[in-house]
Amino acid sequence: EAQVTQNPRYLITVTGKKLTVTCSQNMNHEYMSWYRQDPGLGLRQIYYSMNVEVTDKGDVPEGYKVSRKEKRNFPLILESPSPNQTSLYFCASSLGWGENTEAFFGQGTRLTVV
Amino acid sequence: GNSVTQMEGPVTLSEEAFLTINCTYTATGYPSLFWYVQYPGEGLQLLLKATKADDKGSNKGFEATYRKETTSFHLEKGSVQVSDSAVYFCALSDPLLSGGYQKVTFGTGTKLQVIP
């Protein structure tokens, strides 16, 4: 089954404790992205990757890091989480973006930073 | 920059009612337009899309027409069901930018609740 898998689904952590949210896709997609979803703000892109070892900042990259060492994996790293990073996070992948592609989303990771 | 504006929700309808969720956009080029749906506890799924002016996207009884003159892409369904209760996101994909990446911009989402 074609899917994007995120882990964990729920995470409560304390300020400053480094964490990683994993994302894996089994569709051989080149493009992967991370979004955060906040009430009233919709989805905002954090980082994206066009291929292995190619990553770039989205609209709200501050406080986040990513890596793309393999095509299937795109982890999101919070080196020193803060309460304003409490949010619902989604990973997405696609063959490409634009008119002929469909984005596949993971089920989300709800992060709470206290 | 690009932006997508959706009507604020929540929208509450009775089963079999007609649905319209408004979406307007601002873009520098000639974007592709999308509607995504998010069911409770799940990620977003593509509902329908349109790639050029006057195109109509349709799926599962939902329709939306790409109106360049009014920069709109309103979502409609003739008869909603309880199972349509979800959050709906309008989105646009910019034309090719530098490096081959086409950025997607999402609206804030509109929550639809259908009551029996």
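The values are calculated or read from the model by the stated rules, or taken from the named source; none is laboratory data. Remember, it's a predicted structure, so these values are computed and weren't measured experimentally. Glycine gets a Cβ as well: all are built from the backbone with ideal geometry, and neighbour counts include every protein chain shown. Heavy atoms of the whole protein, side chains included, go into the accessibility calculation; ligands, DNA and RNA do not. Shrake-Rupley method; radii C 1.70, N 1.55, O 1.52, S 1.80 Å.
Beyond a 29 Å Cα-Cα separation, which of these cross-linked pairs lie in this structure: A:69/B:49; A:18/A:71; A:71/B:77; B:52/B:111; A:71/B:52; A:69/B:111? Present the calculation step by step, with values, prior to reporting the outcome.
On the way: A:69/B:49 32 Å; A:18/A:71 24 Å; A:71/B:77 38 Å; B:52/B:111 27 Å; A:71/B:52 31 Å; A:69/B:111 37 Å.
Too far apart for the 29 Å limit: A:69/B:49; A:71/B:77; A:71/B:52; A:69/B:111.
Using Cα pairs closer than 8 Å and at least 6 residues apart in sequence, work out the relative contact order for the stretch A:1-46, in percent.
The value is 33 percent.
Give me the percent relative contact order of chain B, please, defined on Cα pairs under 8 angstrom at least 6 residues apart. Mind dumping the intermediate values first?
Working: 303 pairs, mean separation 41.5, N = 116.
Relative CO of chain B lands at 36 percent.
Quick query: amide H of residue A:58 versus all other amide H atoms, modeled in the peptide plane; which residues come in under 5 Å with a sequence gap of 5 or more or a different chain?
Result for residue A:58 returns A:47, A:48.
Taking all protein chains together and a probe of 1.4 Å, list A:70, B:16, B:76 from the most accessible to the least accessible.
Details: A:70 100, B:16 135, B:76 75 Å².
Largest accessible area first, the list is B:16, A:70, B:76.
Take every Cα pair under 8 Å in the stretch A:1-110 that's 6+ residues apart, average their separations, divide by the length, and report that relative contact order as a whole percent. Mind dumping the intermediate values first?
On the way: 272 pairs, mean separation 38.1, N = 110.
Relative contact order here is 35 percent.
Explain nothing, just compute: Karplus ³J(HN,Hα) = 6.51 cos²θ - 1.76 cosθ + 1.60, θ = phi - 60°, for every residue of the stretch B:12-27 in order, whole Hz, x for Gly and Pro.
Result, ordered by residue: 10, 10, 7, 3, 6, 6, 8, 10, 9, 10, 7, 9, 10, 9, 10, 8 Hz.
Starting from the 7 Å offset along Cα-to-Cβ, what nm value, one decimal, do you get for the label separation of residue A:22 and residue B:15?
Output for this residue pair reads 4.2 nm.
Mind grabbing the accessible area of residue A:55 for me, 1.4 Å probe, Å², rounded to tens?
Ignoring ligands and nucleic acids, residue A:55 comes out at about 60 Å².
I'd like the trypsin sites (Lys or Arg not before Pro) in the stretch A:44-114 restricted to DSSP loop residues with at most 10 other Cβ atoms within 10 Å, sorted by number.
Values: sites: A:44, A:57, A:65, A:68, A:69, A:71, A:72, A:110; in loops: A:68, A:69, A:71, A:72.
Here the sparse-neighbourhood loop sites are A:69.
Compute the distribution of all C-alpha to C-alpha distances in chain A, in bins of 5 Å from 0, and list the percent of pairs in each, rounded to whole numbers.
Computed distribution, short to long bins: 2, 13, 24, 27, 19, 10, 4, 1, 0.
Applying the Karplus parametrisation 6.51 cos²θ - 1.76 cosθ + 1.60 with θ = phi - 60° to the phi angles of the stretch B:105-113, what ³J(HN,Hα) value in whole Hz is obtained for each residue in order, glycine and proline being reported as x?
Values, residue by residue: 10, 9, x, 7, x, 10, 7, 10, 10 Hz.
Say the dipole of chain A comes from +1 at the beta carbon of Lys and Arg and -1 at that of Asp and Glu; which of A:92, A:3, A:66 then lies farthest toward its positive end?
Value: A:66.
Using modelled amide H (1.01 Å from N, peptide plane; none on Pro or chain starts), what sits under 5 Å from the amide H of residue B:112, excluding residues fewer than 5 places away?
Amide H neighbours of residue B:112, under 5 Å, 5+ apart: B:11, B:86, B:87, B:88.
Please list the radius of gyration and Dmax for chain B, considering alpha-carbon atoms only, with Å as the unit.
14.1, 49
Would you mind computing the Rg to Rh ratio of the protein assembly as shown from its alpha-carbon coordinates, Kirkwood style for Rh?
Expressed as Rg/Rh, it is 0.97.
Please list, in order along the stretch A:51-68, the HN-Hα scalar couplings obtained from phi with the Karplus expression 6.51 cos²θ - 1.76 cosθ + 1.60 (θ = phi - 60°), rounded to whole Hz, x for Gly and Pro.
Karplus-based 3J(HN,Hα) across the stretch A:51-68 equals 4, 4, 6, 10, 9, 8, 6, x, 7, 9, x, 4, x, 10, 9, 9, 8, 9 Hz.
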